[in-house]
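Below is one structure, written out as structure tokens, with a few remarks after it.
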Amino acid sequence: MFNGNGEAATSPTAPITLSPLTRIQDERPRHIRLTKQIALEKLQNLELFLSDEHAKKELRSVIDMIMNQKLDDVEFSPSISQEDTNLHSFLEAQLTNRRVGDNYRRPGSTTATPLRVAESPARAGLLSHYLTQMDKWDFDVFHLEQLTNGRPLTEAFCYVCEEFKFFDTFELCPKLLREWCFEIETSYKHNPYHNSTHAADVLHGCYWFALGLLRIYPLFPRLDLLSLMLAAVIHDTDHPGVNNAYLSNTLSELSILYNDRSILENHHVSEAFRLAVKLQAFANLSSGQFSRLRKTVVEMVLATDMSQHVAIVSQFEARLKNENFVLFDDTPEAASNMQLLLNFILKCADISNPTRPLGLSKQWSARITCEFFAQGDREKLRNIPVSQFMDRNTSNIRGTQIGFINYVVAPAFALLASVVPGVREECLVCMEQVLAYWQSCAEAGQFADLFGETEDELTARVRRSVAPATSLDDLFKPLNSSADPSEPTAGCLPHGPPRHQPIFNLSSLPSRPVTRRTYPQLPPHEEGVASSTLTSPGRSALLKAGSLVSLVPKH
């Protein structure tokens, strides 16, 4: 196509193509010319993966400046508005290997949006395939951490939302929900244990338990499922790496704010909903739905306070023994039972590390021990009482793990097994293997002896694994690009057969209009399903065998 002057016209949206004939010609030393050429090629690759038209336009202007050597002209002043400088700073930082923030603020936007660069096809294929393995208890969240460049929580949450059809059921905007989850994940600190990978692991546990419940109660209220997944995502938001006792003993601002009552848990849920309101992530929910969701999530997160563990387990056990323990009636008692069940499921997912396969369980034990000892060191420096299990000089790692399994995990999961199918066959079997391992360890085993690395080595490795990509080399780094997704990859568990249909690509979705709809006032369980309809052959068989407790009323 030619313009009116007989010259070839250039499409404003066509990508800039570099060829040997357009390579920069100047009198500089060869290594400088090669460096600039490499930078141009990387910028060209970056343009191919960007979906935002404004970002593409600005990127082309940067490429044009480099190709025409305008960056070297002292008198040249690029016509870049002040609001567009964030993108140019990002690109400049990439070329000079300087660390920058994860967010790019679009012009005219009041919220920061992740500058998402699409994964290479090989990595995207591995990630999409591996997410389909979340229905297995031996799902390796550490491998997901690698596949996502340290962002496992956002990808796992969006996958779960699509699998449960939350976007369609509640007309939620996928882009807003992804942005909110991205901000939540960014708020997780690089602690050895309480980081976004732990949140993704708890999310997987809740997802797996929910799948078990849906096998026997297929009409389980979807708003309660959404509440459970959200609580898993946010339950340790902005965790400082120390416990409530430390915050209280040091008179921290949070301890003053929350009067020493579930300090961290209050902070986690408060920070998460502050971001939700700011980003309007749940604006399409009715006022009744959002009010109920928020109340349910708050109760669940507050219940993760370990100081309430014994009371919650005892209360759940007492409720299960009651023949009138039902969930699906429109009564206050049923609503209270549902809340208790959700609290208990989240609590079990939060303490599920000893019920994972041995290799995964040991990794989590190493991380929590490392974080405990770091807090003990802080407490010694401040001359305050060292918390139990956190003094590296006196704590017995083997004894701590055995005691945690016997007195905390085992009683809780024994109760959960009476409600959720699969727990007895999967979780309790793994727990027995993990317990046997710790019982076989040396009584005086030290950290490096038990876990195969020092605390410093583990901390450094965790920081590298959870840190977001900070250079183009990281963003485009190939990961097993020649591997067959159906075959096991190094360091992860065997995969099942690949899904024939591709995973739903949330990043390609158009933004759904966010409008406040008008709903009639909802009852405590808005689905209004009669308990008599909650029947299935699988549920009947399990109840008949006596392996599950009935959660519906007896007529």
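The values are calculated or read from the model by the stated rules, or taken from the named source; none is laboratory data. All values derive from a computational prediction rather than experimental measurement. Counting neighbours? That spans all protein chains shown, and the Cβs are built from the backbone with ideal geometry, glycine included. Heavy atoms of the whole protein, side chains included, go into the accessibility calculation; ligands, DNA and RNA do not. Shrake-Rupley method; radii C 1.70, N 1.55, O 1.52, S 1.80 Å.
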With all protein chains present, segment 165-288 has a carbon and sulfur share of its accessible area (1.4 Å probe) in percent of 51
Taking the convex hull of the Cα atoms, report for segment 136-226 its projected area averaged over all directions, in nm². 6.1
Where a ≥ b ≥ c are the square roots of the eigenvalues of the C-alpha gyration tensor, would you call segment 300-402 rounded, which needs a/c under 1.5, or, failing that, prolate if a/b is larger than b/c, or oblate? prolate
So how exposed is I256, as accessible area in Å² (1.4 Å probe, rounded to 10)? 110
May I ask you to order 188-201, 225-238 by the average number of other C-beta atoms within 10 Å around their residues, highest value first? 225-238, 188-201
If you count only protein heavy atoms with a 1.4 Å probe, what accessible area per residue comes out for segment 345-462, rounded to a whole Å²? 42
Using a probe radius of 1.4 Å on heavy atoms only, what accessible surface per residue do you get for segment 211-253? Whole Å² is fine. 28
Give the residue list of GluC sites (Glu not before Pro) in segment 115-208 that are DSSP loop and have at most 16 other beta-carbon atoms within 10 angstrom. E171
Two decimals is fine: what's Rg over Rh for segment 220-355, C-alpha atoms, Kirkwood radius as Rh? 0.99
Treating only the Cβ of Lys, Arg, Asp and Glu as charged (+1, +1, -1, -1), what charge dipole size does segment 230-297 show about its Cα centre? Round to the nearest 20 debye. 380
Extension reserve of the L358-S314 stretch, reckoned as 0.36 nm per residue once the Cα distance is removed: 13.0 nm
Treating only the Cβ of Lys, Arg, Asp and Glu as charged (+1, +1, -1, -1), what charge dipole size does segment 240-341 show about its Cα centre? Round to the nearest 20 debye. 300
